Amino acid sequence: MEAPGRIAATPDTLDFTVENVEKALHQLYYDPNIENKNLAQKWLMQAQVSPQAWQFCWALLSPDKVPEIQYFGASALHTKISRYWSDIPTDQYDSLKTQLFSQIACFSSGSKMVLTRLCVALASLALNTMPEAWPGAVAEMVRVFQEEGGGVDGRARCLALLELLTVLPEEFQTSRLPQYRKGQVRGALGREWGSVCPLLQQLLRRTDSPGAVKARVLRCLSSWVLLDVPLSESEGLVHDCFSALPDPELFDTAVEAIVNAISQPDSQRYVNTLLKLVPQVLALQEQLREAVQNGDMETCHGICRIAVTLGENHSRTLLEQVDHWQSFLALVNMIMFCTGIPGHYPVNETTSSLTLTFWYTLQDEIMSFESDKQAVYLQVYRPVYFQLVDVLLHKAQFPSDQEYASWSSDEKEQFRIYRVDISDTLMYVYEMLGAELLSNLYDKLGRLLTNAEQPTSWQHTEALLYGFQSIAETIDVNYSDVIPGLIGLIPRININNVQLADTVMFTIGALAEWLADHPVMLSSVLPLVLQALGNPDLSVSSVSTLKKICRECKYDLPPYATNIVAVSQEVLIKQIHKTSQCMWLMQALGFLLSALPVEDILRNLHSLITPYIQQLEKLADETPNPSNKLAIIHILGLLSNLFTTLDISKQDDESADSSAPPVKSAPLPPGPNPVVVVLQQVFALIQTVLSKWLNDSQVVEAVCAIFEKSVKTLLHEFAPMVSQLSEMLGQMYSTIPQASALDLTRQMVHIFASETDHFPPIKALFELVTSVTLSIFQQGRELMF
């Protein structure tokens with residue numbers, strides 16, 4: 001075949017003929033040059049909306065054309081009808097409708113994609129003409145396609161009609177009709193349901209209906225129920241959908257139709273219909289169990305969707321039908337079975353995650369009743385929710401080490417997210433079950449760890465701890481009488497696994513506020529945390545837990561300070577942790593040192609910082625390169641994070657707070673703040689670093705961060721540094737203006753500009769920065785003009 005000439009979208013070639021359209025389509029589909037394809041696509045889009053489209057679209061639908069060309073013709077028709085309806089004279093509505101009916105009949109045995117596009121075009125025409133110009137549109141569609149003729153076999157005609165009826169509501173959802181018209185058309189479509197429903201029922205119930213026809217019927221029903229067809233009017237068809245579920249070919253479309261029907265907002269009005277649906281859903285339990293036994297995840301998933309949709313959308317309605325409480329409880333238990341479906345998510349099953357929001361919904365509905373009514377429901381459903389906790393903790397268990405090692409990284413990440421969802425659910429359930437839930441978990445963990453006869457899997461222990469952690473992270477457990485026992489049990493756990501060790505760490509971290517109120521228990525758990533610091537696999541959990549303990553319990557930590565600093569120094573020197581965890585660790589040490597006497601702070605700071613200062617001195621002498629740049633930024637970052645949390649002023653605040661525990665550190669002596677002492681000692685070194693790296697914005701930013709975080713923490717105690725820092729900032733900004741220096745200047749001006757003693761250096765800095773900035777703007781202005 002000879003390649004057609006190239007089409008270009010220029011004014012002199014906008015000749016939208018059949019021949020040119022075909023050339024452009026050939027260029028779009030087959031030209032290897034992407035620019036030519038783009039030109040062809042642009043030209044075709046112009047052709048589609050041109051007045052000539054009415055001429056070429058019918059010609060492109062000719063039976064001798066290839067499907068791609070026919071499809072463009074059908075799409076052009078739809079575009080003209082849906083977007084340019086006002087251009088069509090009213091006296092041409094009928095002929096346009098007749099032509100479309102004729103084309104759909106022709107393509108009912110032809111290309112499926114062209115047929116669908118023609119059906120969408122006719123649907124758009126119907127929406128624009130009903131109800132005034134085309135009353136009874138759907139009834140006429142049904143009648144036209146049920147008539148014999150045209151040489152088209154009955155099955156093809158039937159499928160074409162079903163396609164048309166399916167796309168009609170879909171086209172309505174996406175149509176550009178004005179809002180007032182949308183309301184009129186929705187009403188008209190609702191009245192047309194009377195023509196659609198008997199047809200769908202007849203086709204679905206006929207024993208000789210082919211599977212393809214029944215599948216299309218189910219799709220059609222799914223489409224129509226989205227128009228808020230009253231559930232009472234689709235009840236018979238929904239019942240037929242349940243009958244279709246045993247057929248594997250119809251299963252997915254039947255599930256979709258049922259779910260769409262019962263999840264419509266209006267469906268809760270039809271209480272009797274909903275009550276009839278409950279036993280139909282319960283009758284699926286046998287099919288569900290068989291699917292579980294056969295490892296048929298798709299069937300499990302589909303049946304679970306139906307049960308959850310009914311329960312989630314209609315909990316309130318069904319709860320209120322007190323005469324039917326047993327059948328609703330049976331539905332709840334069916335959903336419980338789905339929550340606890342055997343196998344590990346997401347490798348062996350993907351169903352259980354669908355159920356979690358149902359438990360939120362049911363709890364919200366129960367707790368929203370008045371107290372008398374609520375008490376009755378709680379009597380029935382509290383045991384159910386205790387069972388749910390057991391099921392969720394079982395589902396949260398890790399698989400065997402060997403199986404977990406075989407999982408892909410994506411599967412492990414999905415499982416991690418699934419456990420977070422379980423954690424959120426447990427936290428929510430606590431609102432209903434309260435302190436009894438913690439006691440329940442504690443009893444189980446106690447039996448597990450003290451039963452010497454029965455071997456315990458680490459997975460079981462980890463899951464119970466994970467339950468505690470989930471609740472303690474967000475709920476105030478300070479009043480709980482089981483936490484002392486839990487803290488006492490933790491050292492008895494045989495920690496022989498990374499996942500278990502991680503959860504032990506996170507559980508201790510979640511109890512940091514409780515430990516602050518019960519400092520005597522610190523000696524039970526702190527050794528575990530410090531031991532875990534040396535394990536790179538426990539980096540995130542151990543460092544974050546130490547940081548929480550140092551933040552919440554700092555006034556109780558002085559007896560342990562030497563040990564904490566020593567272990568932290570060791571892991572920092574050995575570079576066990578990644579950069580972000582090193583920063584967290586420095587923040588933890590800042591909290592810890594804040595509660596010590598000043599002389600102890602200075603002594604610890606000296607031993608902690610000296611190795612880094614020596615390393616920085618060495619790096620400052622080297623020629624700048626990417627490797628030593630990263631090392632410099634790392635060291636500066638460590639200092640920044642240490643000074644972010646090292647705040648001895650809070651000791652005074654704690655003393656003044658009558659509700660706070662007595663402060664164990666000595667009164668603050670006069671003299672400069674320890675952070676200021678250190679900054680004054682390293683100031684010359686920082687200047688040396690800047691002299692070599694002033695043109696590197698990342699290094700400058702890291703330097704400015706040290707001072708900015710110190711200023712934010714110390715506020716007016718930073719005063720001894722104001723003069724020399726102002727001078728350095730002015731030199732930096734006038735040499736190479738950088739945003740981080742400007743941010744630090746803003747911070748300095750904000751805090752010290754109103755103080756008489758510091759006004760001269762702050763004023764000089766502000767004037768210099770303003771002058772330099774204005775000159776930059778002036779240069780930019782000159783470049784522009």
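The values are calculated or read from the model by the stated rules, or taken from the named source; none is laboratory data. Here the structure is a predicted model, which means the values were calculated and not measured. Here Cβ is always computed from backbone atoms with ideal geometry, including for glycine, and neighbour counts include all displayed protein chains. Quick note on the areas: whole protein, heavy atoms, side chains included, nothing else; ligands and nucleic acids left out. Shrake-Rupley method; radii C 1.70, N 1.55, O 1.52, S 1.80 Å.
Observations
- Here the condition is being modelled with pLDDT under 95, under 43 Å from the mean Cα position of the chain (by Cα) and assigned by the TED database to the domain that holds Leu602; of Ser640, Ser665, Ser649, Ser655, it holds for Ser649 alone.
- Filtered residues of region 313-344 (kept if under 19 Å from Val389 (Cα atoms) and part of a helix (DSSP H, G or I)): Leu329, Ala330, Leu331, Val332, Asn333, Met334, Ile335, Met336, Phe337, Cys338, Thr339
- Residue list for region 175-190, filter: open to solvent by 40 Å² or more (accessible area, probe 1.4 Å) and in contact (Cβ under 8 Å) with a residue 40 or more places away in the chain: Arg176, Gln184, Arg186
- In the set (1) open to solvent by less than 60 Å² (accessible area, probe 1.4 Å); (2) in contact (Cβ under 8 Å) with a residue 12 or more places away in the chain; (3) part of a helix (DSSP H, G or I), the condition left unmet by Phe398 is number (3).
- Scan of region 578-597 for residues that are open to solvent by less than 20 Å² (accessible area, probe 1.4 Å) and in a helix (DSSP H, G or I), ordered by number: Gln581, Cys582, Leu585, Met586, Ala588, Leu589, Gly590, Leu592, Leu593, Ser594
- Any pair with Cβ under 8 angstrom, 6 or more apart, that starts in region 313-335 at a residue that is in contact (Cβ under 8 Å) with a residue 24 or more places away in the chain and assigned by the TED database to the domain that holds Ser352 and ends at one that is of a type in the set (D, E, K, R) and open to solvent by less than 70 Å² (accessible area, probe 1.4 Å): Ser315/Glu365; Arg316/Glu365; Leu319/Glu365
- Evaluation of Leu602 against the conditions (1) in contact with a Pro (Cβ under 8 Å, 6 or more places away or on another chain); (2) open to solvent by 20 Å² or more (accessible area, probe 1.4 Å); (3) within 18 Å of Thr545 (Cβ to Cβ) shows that the sole unmet condition is (3).
- Residue satisfying condition, being out of contact with any Ser or Thr (no Cβ under 7 Å at 6 or more places or on another chain), closer than 23 Å to Val520 by Cα, touching a residue at least 40 places away in the same chain (Cβ under 8 Å) and in the same structural domain as Ile422 (by the TED database), within set Gly485, Gly467, Gly446: Gly446
- Scanning region 263-305 for residues being of a type in the set (Val, Ile, Thr) and touching a Phe, Trp or Tyr at 6+ places or on another chain (Cβ under 6 Å) gives a total of 0.
- Residue within region 271-292 that is surrounded by fewer than 21 Cβ atoms within 10 Å (Cβ to Cβ), not in a helix (DSSP H, G or I) and not hydrophobic (A, V, I, L, M, F, W, C) present: no
- Top-ranked residue of region 550-577 - restricted to ones that are modelled with pLDDT of 95 or more and among the basic types (Lys, Arg), ranked as surrounded by the fewest Cβ atoms within 10 Å (Cβ to Cβ): Arg551
- Meets criteria (within 22 Å of Val703 (Cα to Cα) and surrounded by fewer than 18 Cβ atoms within 10 Å (Cβ to Cβ)) for Leu630: yes
- Just one of the listed residues (Phe415, Phe369, Phe386) is modelled with pLDDT of 95 or more, open to solvent by less than 40 Å² (accessible area, probe 1.4 Å), part of a helix (DSSP H, G or I) and closer than 20 Å to Val332 by Cβ, and it is Phe386.
- Candidate set from region 238-270 (those that are more than 18 Å from Thr166 (Cα to Cα) and assigned to a loop (DSSP other than H, G, I, E, B)); member that is least open to solvent (accessible area, probe 1.4 Å): Leu245
- Only a single criterion out of (1) open to solvent by 40 Å² or more (accessible area, probe 1.4 Å); (2) free of Cβ contacts under 8 Å to residues at least 60 places away in the same chain; (3) under 30 Å from the mean Cα position of the chain (by Cα) is not satisfied by Asp421, namely (2).
- Across region 430-468, the number of residues qualifying as more than 16 Å from Lys395 (Cα to Cα) and under 30 Å from the mean Cα position of the chain (by Cα) comes to 7.
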